[in-house]
Amino acid sequence: MINNKTLAAYCYDYLNVVIFDDYCPNGLQIEGKPDISKIISGVSANQDLIDRAIDEEADALFVHHGFFWKNEPLMLTGIKKNRIKALLEHDINLFAYHLPLDAHPKIGNNAQLAQRFGIKNPTPIGDTLVWQGEIDTTLGSFSNTIKQALNRTPLVFGDDDNPLKRIAWCSGGAQTYIDHAININADCFITGEVSEQIPAIAKENDIAFISAGHHATERYGVQALCQHLTQKYNLIHQFIDVNNFV
């Protein structure tokens, strides 16, 4: 068991939250009961996940996508009111970590994807959120690896026979970061989403592109964080995957 404020302070330091200029606050977003022994993790703080956390009698919910995003309405109405009301009524703490959970060198989303995809020598490209690494395969074979790892068929742009040696990737909605992959002469860029202009940009720069799913590429950081916390503080942890199929 651990105090919620102590847990928030540890995560703040462990994830190096201070260095990120994020689109949302990172940390304890909704305060619940002070003592935590059972935690639930999931990708996004939607009603289905909150309801499951209530059913499991969780003390805290850890997510990658929480509340209070820049440019969203400030009013607590509609589904936002319902979600927060449910957390408060059941005294459940909500911890949310966005960019810090993408970037962490060990438990972050990008580092976790490298492990699952068999990428060697994974490292960030400069001070960006995009990572690079090495692999020796073809686009078709690598696409199948991603499918097996994420249990989701990726959207692939490029010839299956194309050899892959250097690749770049970034979890979530990072399709506009393809320029970072192009600048290092990567053979392929992997992210979660694809925009209309991306296939042409990839084709004209002779780089393969894989859209593997926003939710699918961001399942693993929050799990790894909570597994780390479980080992450190002897907590009970359960990951609940409310799949939205994107």
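A few comments on the model shown:
- Which numbered condition residue 55 fails, given (1) more than 18 Å from residue 225 (Cβ to Cβ); (2) surrounded by fewer than 14 Cβ atoms within 10 Å (Cβ to Cβ); (3) in contact (Cβ under 8 Å) with a residue 24 or more places away in the chain: (3)
- Within the set 95, 62, 68, the sole residue that is of a type in the set (Phe, Trp, Tyr) and at positive phi turns out to be 68.
- Selection count, the stretch 23-79, where residues are part of a helix (DSSP H, G or I), touching a helix residue (DSSP H, G or I) at 6+ places or on another chain (Cβ under 9 Å) and either more than 22 Å from residue 216 (Cα to Cα) or not assigned by TED's automatic domain parsing to the domain that holds residue 90 (or both): 2
- One residue alone among 243, 205 is of a type outside the set (Phe, Trp, Tyr) and modelled with pLDDT under 95, and that residue is 243.
- Subset tally (residues that are surrounded by 21 or more Cβ atoms within 10 Å (Cβ to Cβ), under 18 Å from the mean Cα position of the chain (by Cα) and of a type outside the set (A, V, I, L, M)) for the stretch 68-97: 2
- Candidates 84, 50, 79 - the one that is out of contact with any strand residue (DSSP E or B) (no Cβ under 8 Å at 6 or more places or on another chain), among the hydrophobic types (A, V, I, L, M, F, W, C) and free of Cβ contacts under 8 Å to residues at least 60 places away in the same chain: 79
- Looking across the stretch 35-61 at every residue that is touching a His at 6+ places or on another chain (Cβ under 7 Å) and not hydrophobic (A, V, I, L, M, F, W, C), the one that is farthest from residue 81 (Cα to Cα) is identified as 41.
- Each residue in the stretch 96-124 was checked for being of a type in the set (A, V, I, L, M) and farther than 17 Å from residue 164 by Cβ, and 6 pass.
- Among the residues of the stretch 80-119, those identified as small (Gly, Ala, Ser) and not in a helix (DSSP H, G or I) are 96, 108, 118.
- Residue selected from the stretch 179-209 under the condition of a type in the set (D, E, K, R) and surrounded by fewer than 19 Cβ atoms within 10 Å (Cβ to Cβ), by the criterion farthest from residue 125 (Cα to Cα): 196
- Test: residue 129 is buried (at least 19 other Cβ atoms within 10 Å of the Cβ) and closer than 10 Å to residue 212 by Cα: no
- Residue pairs meeting the criteria (Cβ under 7 Å; at least 6 apart or on separate chains; first closer than 11 Å to residue 210 by Cβ, in the stretch 156-177; second surrounded by fewer than 19 Cβ atoms within 10 Å (Cβ to Cβ) and not β-branched (Val, Ile, Thr)): 157/199; 175/193; 175/195
- Residues that are farther than 23 Å from residue 131 by Cβ and in a helix (DSSP H, G or I), drawn from the stretch 223-246: 229, 230, 231, 232, 233
- Checking each residue in the stretch 1-22 for being assigned to a strand (DSSP E or B) and surrounded by fewer than 16 Cβ atoms within 10 Å (Cβ to Cβ) picks out only 3.
The values are calculated or read from the model by the stated rules, or taken from the named source; none is laboratory data. Keep in mind it's a predicted model, so treat the numbers as computed, not measured. For neighbour counting, all protein chains shown are included, and Cβ atoms are generated from backbone atoms with ideal geometry for every residue, glycine included.
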